Every structure is written in structure tokens, then in C-alpha cells.
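Only one structure is covered here, and it is reproduced in the block below.
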Amino acid sequence: MLIQFLTAVGVLAVLTMVPGPDMAVVTKRAVASGWQDGLRTVGGITAGLLVWGVLAVAGLAAVLAASATAYTVVKLAGAGYLVLLGVQALLQSRRNRSQEPAAALTPPRGNPWRTGLVSNVLNPKIAVFYTGLLPTLAPTGLPAHSGMALLVLVHAMLTAVWLGGYVLLLSKARAFFEKPAVRRGMDRATGTVLIGFGLKVATTQP
């Protein structure tokens with residue numbers, strides 16, 4: 001059972017480190033508002049994973065994963081939210097164009113924790129992942145629900161550590177990112193990436 005558990009942790013660690021919408025959302029928030037808001041965003045993302053985990057263990061996420069209509073509704077809502085965040089970042093770069101002092105740059109709107117939570121809860125890929133892949137990784141020596149719950153907690157912990165460390169790494173280069181030209185460039189880059197992820201989510205099949 002220990003070998004199975006360690007194998008599952010390794011797979012989850014690799015999947016956690018693959019860049020995706022979560023990293024783009026965290027980057028946007030951490031660079032624009034600082035490491036505190038970045039960590040709050042990570043907290044929201046982690047809470048979103050736990051929400052999906054509870055639904056998966058309860059069997060509700062399986063219903064979503066099996067229903068084409070429900071999947072499409074959540075998928076389009078999530079895609080729309082990512083596109084909205086991307087458009088906001090692009091508009092922010094335009095608003096900040098004429099402001100030179102770093103302190104005058106406009107911070108992003110909205111609660112960072114809620115931004116992380118919503119962006120994750122509206123990602124139906126997590127439902128498919130938790131109901132499709134996670135059961136195959138669960139240690140066979142544990143009851144099915146217990147094994148799933150354990151891996152959900154592990155995945156949430158790995159996500160918090162990975163993205164939290166990423167935020168703190170960005171904070172070390174805060175002086176560089178506070179330069180107006182760099183901030184505007186980052187806004188444009190993350191805005192474009194978020195819109196790209198949103199379009200990808202919208203066109204991806206379950």
C-alpha cells in the first residue's frame with residue numbers, strides 16, 4: 001500500500017506542477033498586488049480543490065462528469081470567468097499606461113481568495129480528474145472513500161505548497177515587477193494567457 005501511495009503522490013506532484021489556469025491567476029494577482037494577495041488566491045484555489053474533493057467523495061462530481069449538459073454548462077461558465085479575468089488584466093495594462101510611479105498603478109479588483117475559489121470551482125476538468133483518474137491512484141488497502149479523501153487532501157496540500165512557493169519566489173523579484181513597464185507587460189502576458197486558457201477550456205471535450 002505504501003508503494004501505491006507514493007506512486008500516487010508522485011503522479012499528483014507532476015500534475016500539480018504543470019502550468020495551467022491556476023498558475024496564471026496566481027501570477028496575475030501576486031505581481032499586481034503582492035505576495036499577500038497571491039497567497040490568498042492560492043488559498044482560494046486550494047479551497048476549490050477541497051470543494052471538488054468533497055463532491056467527488058460524495059459521488060456528485062461523477063454525475064457532473066457523466067452528464068454532457070452539466071459538464072458543458074460548468075465548462076462554459078469557467079471559460080467565461082477565465083476570459084473575464086484576462087480581459088480585466090488587458091484593460092488594467094491600458095489604464096496603467098499613463099501612470100509612471102509604481103505606487104500609482106491600479107491594483108486588480110475583487111477579493112483574491114474568491115477569485116481563486118471561483119476559478120477552480122468553475123473548472124470541470126477537476127471533476128473529471130477526481131472521478132476518473134483519482135480512483136485508479138487510490139491505495140487498494142484503504143476503503144474507496146477513504147483512499148479518495150486522502151488523495152484529495154494530498155493534492156490540495158501539494159497545490160498549496162507549490163503555488164505558495166511560486167508566489168514567494170515572485171515576491172523576491174518584486175522590485176523588478178513593480179516597474180511600470182514590466183507591470184504592464186505582465187498584465188498583457190497574463191491577460192493573453194488567461195484568455196487562451198479560457199478558450200481552450202471552452203473548446204475542450206470531456
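We did not get these values from a lab; they are worked out from the coordinates using the rules stated. Quantities reported herein were computed from a predicted structural model and do not represent experimental measurements. With ideal geometry, Cβ positions are generated from the backbone for all residues, glycine too; neighbour counts draw on all protein chains shown.
Per residue, the convex hull spanned by the alpha carbons of segment 115-168 comes to 81 Å³. Legend: P(r) of segment 1-97 from all alpha carbon pair distances, 10 Å bins from 0, whole percents, reading 13, 31, 36, 16, 4, 0. Here the convex hull built on the C-alpha positions of segment 20-61 has a volume of 51 cubic angstrom per residue. Other residues with beta-carbon under 13 Å from the beta-carbon of LYS125 carry, at +1 per Lys or Arg and -1 per Asp or Glu, a net charge of +1.
Using 0.36 nm per residue, how much length does the chain from ALA13 to ALA144 gain when fully extended, once their Cα-Cα distance is taken away?
Numbers: separation 131, 0.36 × 131 = 47.16 nm, distance 2.10 nm.
Roughly 45.1 nm would be gained on extension.
The shape of the chain can be summarised by an equivalent ellipsoid whose semi-axes, obtained from the alpha carbon gyration tensor, come to 33, 19, 12 Å from longest to shortest.
Under 17 Å from a label point 7 Å along Cα→Cβ of VAL73: give me every residue in segment 110-135 with its amide N that close. Of the residues in segment 110-135, 121-125, 127-128 have backbone N under 17 Å from the label point off VAL73. Counting only residues at least eight positions apart within a chain, or on another chain, the lysines with an alpha carbon under 27 Å from that of LYS172 are LYS28.
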